[in-house]
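Values quoted throughout were computed directly from the atomic coordinates according to the rules given, and no laboratory measurement underlies them. A quick note: this is a predicted structure, and the numbers were derived from the prediction, not measured. For neighbour counting, all protein chains shown are included, and Cβ atoms are generated from backbone atoms with ideal geometry for every residue, glycine included.
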């Protein structure tokens, strides 16, 4: 079975703080893909990043960075110098190559960045 | 390029009425997905299509739900008859491929059944 756990239901920080959103996954597939999506208050789901199971390089995109560690089955997301516009619900998702294409979402972490 | 387009954005209907949600995927995307989002169950995949053909509808809650994709640029999700527990946000998404590809989501349709 596949599963994604985002243990942090809500996080509140003050602007300019760094914040890390945790994501732990479970899968028996050797090939799989991990994703992060952002859902701002307006409601749409915005794709942020895709990572495959064979690429453990960390990735940085502006203030966003992702740390993929197969040894701990984690794919954590860090926002550096957070801004109010980062306030949203963030979802981690998993798709295994032998799971018929289903994208399994975590329950989401609601991030609130206060000025 | 336009993203995934959904209509209506909001729908309020009475129990027992038929509801039809519409989706236009991104041009050139071969896969189309319908999801439902609720507080209790999070994001759930209802059904997905490949080249207009339904591939997996195991997430469709019951026979009251049906989905069609008559062509590459249009899909509908129908609920007949609707019930209050169907109240949710329904998302349509599309992607170029299945396993290794990200999905792009539409803005969603917020359905309220009274």
Review point. Of the residues B:28, B:42, which is farther than 19 Å from residue B:95 by Cβ and either surrounded by fewer than 16 Cβ atoms within 10 Å (Cβ to Cβ) or free of Cβ contacts under 8 Å to residues at least 40 places away in the same chain (or both)?
Key: B:42
Review point. Out of the range A:1-18, which residues are closer than 17 Å to residue A:64 by Cα and not in a strand (DSSP E or B)?
Key: A:15, A:16, A:17, A:18
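Answer yes if at least one residue in the range A:3-22 is within 11 Å of chain B (Cβ to nearest Cβ) and either under 14 Å from the mean Cα position of the chain (by Cα) or crowded, with 17+ Cβ neighbours inside 10 Å (or both), and no otherwise. Before you say what the answer is, go through the steps one by one.
Initially, the range A:3-22 is screened for residues within 11 Å of chain B (Cβ to nearest Cβ), giving A:4, A:6.
Then keep just the ones that are either under 14 Å from the mean Cα position of the chain (by Cα) or crowded, with 17+ Cβ neighbours inside 10 Å (or both); that gives A:4, A:6.
The answer is yes, given that some residue of the range A:3-22 is within 11 Å of chain B (Cβ to nearest Cβ) and either under 14 Å from the mean Cα position of the chain (by Cα) or crowded, with 17+ Cβ neighbours inside 10 Å (or both).
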Point to revise | Qualifying residue in the range B:73-83 (condition: out of contact with any helix residue (DSSP H, G or I) (no Cβ under 7 Å at 6 or more places or on another chain), surrounded by fewer than 20 Cβ atoms within 10 Å (Cβ to Cβ), within 14 Å of another protein chain (Cβ to nearest Cβ) and over 17 Å from residue A:99 (Cα atoms)) | key: no
Point to revise | Any hit, the range B:4-12, residues being within 14 Å of the chain's Cα centre (by Cα), within 12 Å of chain A (Cβ to nearest Cβ) and crowded, with 16+ Cβ neighbours inside 10 Å | key: yes
**Study point:** Selected residue (criterion: farthest from residue B:102 (Cα to Cα)) from residues of the range A:70-82 that are surrounded by fewer than 20 Cβ atoms within 10 Å (Cβ to Cβ) and either over 13 Å from the mean Cα position of the chain (by Cα) or within 14 Å of chain B (Cβ to nearest Cβ) (or both)
**Key:** A:81
Study note, to complete from the structure: Exactly one of A:113, A:85 is surrounded by 13 or more Cβ atoms within 10 Å (Cβ to Cβ) and under 24 Å from residue B:107 (Cβ atoms), and that residue is A:113
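Can you tell me which residue among A:42, A:65 is in a strand (DSSP E or B) and either in contact with a strand residue (DSSP E or B) (Cβ under 7 Å, 6 or more places away or on another chain) or closer than 19 Å to residue B:42 by Cβ (or both)? Break it down stepwise before answering.
Working: A:42 fails: in a strand (DSSP E or B).
Unique residue meeting the criteria: A:65.
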Review point. Restricting attention to the range A:85-94, does a residue exist that is more than 14 Å from chain B (Cβ to nearest Cβ), more than 17 Å from residue A:23 (Cβ to Cβ) and not in a loop (DSSP other than H, G, I, E, B)?
Key: yes
Point to revise | Candidates B:97, B:108 - the one that is in contact (Cβ under 8 Å) with a residue 12 or more places away in the chain, within 12 Å of another protein chain (Cβ to nearest Cβ) and out of contact with any strand residue (DSSP E or B) (no Cβ under 6 Å at 6 or more places or on another chain) | key: B:97
Review point. Looking at (1) more than 11 Å from the chain's Cα centre (by Cα); (2) under 26 Å from residue A:1 (Cα atoms); (3) surrounded by fewer than 17 Cβ atoms within 10 Å (Cβ to Cβ), which is the one condition that is false for residue A:95?
Key: (3)
